[in-house]
1. Show the residue pairs that are 6+ apart or on different chains and have beta-carbon atoms under 6 Å apart, the first residue being within the stretch 98-113 and free of Cβ contacts under 8 Å to residues at least 60 places away in the same chain and more than 12 Å from Ala56 (Cβ to Cβ), the second being surrounded by 22 or more Cβ atoms within 10 Å (Cβ to Cβ) and among the basic types (Lys, Arg).
2. Filter the stretch 90-136 down to residues that are assigned to a loop (DSSP other than H, G, I, E, B) and within 17 Å of the chain's Cα centre (by Cα), then give me how many there are.
3. State yes or no: is Pro9 modelled with pLDDT under 95 and assigned to a loop (DSSP other than H, G, I, E, B)?
4. I need a count of the residues in the stretch 149-174 that are more than 15 Å from the chain's Cα centre (by Cα) and outside any loop (DSSP other than H, G, I, E, B).
5. Among Trp172, Trp210, which is the only one that is crowded, with 18+ Cβ neighbours inside 10 Å, of a type outside the set (S, T, N, Q), out of contact with any strand residue (DSSP E or B) (no Cβ under 6 Å at 6 or more places or on another chain) and under 18 Å from Ala137 (Cα atoms)?
6. With crowded, with 22+ Cβ neighbours inside 10 Å, closer than 25 Å to Leu106 by Cβ and of a type outside the set (Gly, Ala, Ser) as the only criterion, which of Pro167, Pro180 stands out?
7. Consider the stretch 169-192. How many of its residues are more than 25 Å from Gly225 (Cβ to Cβ) and out of contact with any Gly (no Cβ under 8 Å at 6 or more places or on another chain)?
Amino acid sequence: MHESDDTVPLDPGFGDRFERQKRPPCQLYIVSPPAIEIPIFVERLKAALDGGPVAAFQLRLKDVPDADVLRACEALLPICSAADVAFILNDRADLAHRAGADGVHLGQSDGSIADARKLLGPDAQIGRTCHDSRHLAMEAGEQGADYVAFGAFYETTTKPSQYRPQPEILRWWTVLSQLPCVAIGGITPANAPPLIDAGADFIAVVNAVWLHPDGAGAGVAAFAGILDG
């Protein structure tokens, strides 16, 4: 198990010595369901992006042949490009490079940030999963990540996790670093406000969008009012 967020405690005087950086409003980062069917999902993604502001879309497909991942990228990347939404591929920097993705999201076992940067170039968006660990987040920042992701903040069936950070880790990070932070894990419009208030730059969501009873567009729209304050 990785170190928890208690391994680098927040000094009681830390906030007195550093002012929290002025940051843009929190934005929505949507992640694909664990299984998709092209071309049906093409229309679902279009509907989601029509529902309201979305900053990034992550294609996350596990245990899928490389050829199928690349076919999905070929179908979905133009949709994101047309909507000015960053297209991020999960896990695989090599496939992100082949697909022409805007970036890659790396888990702790998905290779080094330095190798991904060398392959994808200086303009690629590279994110790193940091669970509930302040140490891993600082390490990712030092290694050149473009954002760090903490979670799962709430119970989730998408990617069950033993890690359960508290919102305070977001507040700590935004005082420490200008690097964006992403909150993920079981987030809904109802439980997102404490994470936004704590300083999340992005909230990453899956089921709250794709399993919304009125469709993916309504799922995105449900977050719009929360993110607007």
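The values are calculated or read from the model by the stated rules, or taken from the named source; none is laboratory data. Keep in mind that this is a model prediction, so the values were computed, not measured. Cβ: placed from backbone, ideal geometry, glycine included. Neighbour counts: every protein chain shown.
1. Here the result reads Leu106/Arg128, each pair linking the stretch 98-113 to a residue that is surrounded by 22 or more Cβ atoms within 10 Å (Cβ to Cβ) and among the basic types (Lys, Arg).
2. Let us first name the residues in the stretch 90-136 that are assigned to a loop (DSSP other than H, G, I, E, B), namely 91-92, 100-102, 107-112, 121-124, 130-133.
Still in the list and also within 17 Å of the chain's Cα centre (by Cα): 91-92, 101-102, 107-110, 124, 130-133.
Number of matching residues: 13.
3. On the way: modelled with pLDDT under 95: yes; assigned to a loop (DSSP other than H, G, I, E, B): yes.
Taking the combined requirement at face value, the residue satisfies it.
4. 6
5. Working: Trp210 fails: under 18 Å from Ala137 (Cα atoms).
The unique qualifying residue is Trp172.
6. Numbers: Pro167 fails: crowded, with 22+ Cβ neighbours inside 10 Å.
None of the other options fit; the residue is Pro180.
7. Qualifying residue count for the region: 4.
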